[in-house]
Amino acid sequence: MRDIFNGMPADELGADGWEKPWSGPNGGSCVETKRLDGEHIALRQSTDPSGPSLICTTAAMAEFIEGAKGGLADFLL
């Protein structure tokens, strides 16, 4: 695999391993995630599997999830 970078086409990360942990009743439009290596996670929009991917570290994802659990993302609702 070539260098991993934020915004890279998600299909360049391969088709296997994508999960839909936040799938809901919205007609299949959801966020998909994929663990890339020991330190990176990719996110993509399920309706655009070839579109840009958001790449973050596992530490950043853990901080985001903990913050969301703690109410820090409630303003988005």
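Structure notes:
- Under Karplus coefficients 6.51, -1.76 and 1.60, residue-wise ³J(HN,Hα) of segment 38-45 in Hz, glycine/proline x: x, 10, 10, 10, 10, 10, 8, 8
- Each residue, Leu77 and Asp11, gets one label point 7 Å from its Cα in the Cβ direction; the gap between the two is 3.6 nm.
- Annotation: the residues Cys30, Cys56, sorted from fewest to most other C-beta atoms within 10 Å of their own C-beta, follow the order Cys30, Cys56.
- Taking 7 Å steps out from each Cα toward its Cβ at Cys30 and Ala62 produces label points 2.5 nm apart.
- Packing around the peptides 32-40, 61-69, taken as the average count of other Cβ atoms within 10 Å per residue, puts them in this order, highest first: 32-40, 61-69.
- Report summary: the helix-based calculation at 222 nm, which adds -39500 (n - 2.57) for every DSSP H run with n ≥ 4 and divides by the residues of the chain, gives -5000 deg cm²/dmol.
- Cut-off under 5 Å, modelled amide H: who pairs with Cys30 long-range: Ser46, Thr47
- Amide H contacts under 5 Å for His40: Thr58, restricted to partners 5 or more places along the chain or on a different chain, H placed in the peptide plane at 1.01 Å from N.
All of the numbers you see were taken from the coordinates with simple rules; none came from a lab. These numbers were taken from a predicted model, which means no experiment stands behind them. Note: ideal-geometry Cβ built from the backbone for every residue, glycine included; neighbour counts use all protein chains shown.
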